[in-house]
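Let me begin by presenting the structure, written as structure tokens, before commenting on it.
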Amino acid sequence: GPVLFKQMRVGHLMKPFTMYKFRTMYVTADHQAHHDYVSWFITASDQVQAEEKPVVFKLTNDSRITPLGRFLRRTSLDELPQLWNVLISDMSLVGPRPPVPYELQQYKPWHRGRLLEAKPGMTGLWQVVGRSRTTFDEMVRLDLRYARTMSLWSDIKILLATPVAMITGKGAC
């Protein structure tokens with residue numbers, strides 16, 4: 001199949017755009033599993049108690065992912081084509097991750113602030129603080145904190161922390 005995967009995402013001020021990634025799944029993969037998991041993840045955020053282990057944002061042991069795709073995802077190299085999205089100004093290097101349209105159906109009103117207050121980015125505060133092991137509400141809180149305090153210095157700190165988070169698979173800040 002094609003090397004690049006294109007997906008509609010929702011960007012700054014709710015503007016839809018096409019985001020690019022390296023394909024990590026089999027072409028025949030059923031995407032309903034992701035739709036169902038994202039819906040569960042967003043709504044489960046309410047039920048996760050502080051003392052419980054946080055749920056994982058990404059599906060684990062996903063049989064739809066190719067062996068090469070597993071490596072690309074683990075190292076976040078599948079995200080490199082998003083540099084094109086940065087060049088054409090759909091995204092920035094740092095900012096909240098852009099959601100797929102069906103995620104918005106599960107958002108509470110305050111969740112939408114992450115789309116209104118900053119341009120989406122390739123990496124962001126929650127990626128380096130919690131990586132993929134945080135609740136959805138906490139992800140949104142970190143995105144909003146970033147949007148309300150963003151500066152060149154905070155972007156530099158996040159960009160420098162990102163490789164550490166990618167290599168270790170854990171938060172770097």
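For the stretch 4-168, the relative contact order works out to 29 percent when only alpha carbon pairs closer than 8 Å and six or more residues apart are counted.
When the charge dipole of the chain is built from unit charges on Cβ atoms (+1 for Lys and Arg, -1 for Asp and Glu) and taken about the Cα centre, the candidate among H12, V164, Q106 whose Cα reaches farthest toward its positive end is V164. A value for percent of Cα pairs over 22 Å apart was derived from the coordinates, and within the list (i) 43; (ii) 59; (iii) 74 it appears as (i).
The number of Lys pairs in the chain with C-alpha atoms less than 28 Å apart, excluding pairs fewer than 8 positions apart on the same chain, is 27.
Neighbours of P2, meaning other residues whose beta-carbon lies under 13 angstrom from its beta-carbon, give a summed charge of +3 when Lys and Arg score +1 and Asp and Glu score -1. Sorting H35, H12 by the number of Cβ atoms found within 10 Å of their own Cβ, with the fewest placed first, yields H35, H12. Residues of the stretch 59-98 falling in the label zone of A44, defined by backbone nitrogen less than 16 Å from a point 7 Å along Cα to beta-carbon, are 59-63. The dipole here belongs to the chain: it is taken about the Cα centre, uses +1 on the Cβ of Lys and Arg and -1 on the Cβ of Asp and Glu, and is about 320 debye.
Residue-wise HN-Hα couplings along the stretch 6-17, as the Karplus relation 6.51 cos²θ - 1.76 cosθ + 1.60 with θ = phi - 60° gives them from phi, are 10, 9, 6, 10, 10, x, 4, 6, 6, 7, x, 8 Hz; Gly and Pro carry x.
From its DSSP helices (H runs of at least four residues, each -39,500 (n - 2.57)), the chain gives a residue-normalised ellipticity at 222 nm of -11500 deg cm²/dmol. Helices assigned as whole DSSP H runs in the chain whose Cα atoms extend at least 15 Å along their own long axis and whose mean Kyte-Doolittle hydropathy is -0.5 or higher are found at 32-44, 152-168. What does the charge count near V94 come to, summing +1 for each Lys or Arg and -1 for each Asp or Glu among other residues with Cβ under 15 Å from its Cβ? Taking every Cβ under 15 Å from that of V94, the sum is +1. Given R0 = 22 Å, the distance between the Cβ atoms of T18 and Q105 translates into a calculated FRET efficiency of 0.65. Springs between Cα atoms under 10 Å define the GNM used for the chain, and in it the highest mean-square fluctuation of L142, L83, L68 occurs at L68.
Give, as a single signed number, the net charge of other residues whose beta carbon lies under 13 Å from the beta carbon of G113, with Lys and Arg counted +1 and Asp and Glu -1. Once positives and negatives cancel, what remains is +3.
FYI, it's all coordinate maths here, none of it is from the lab. Only a predicted model underlies this, so the values are computations on that prediction, with no experimental measurement involved. Reconstructed Cβ throughout: ideal geometry from the backbone, glycine too, with neighbour counts over all protein chains shown.
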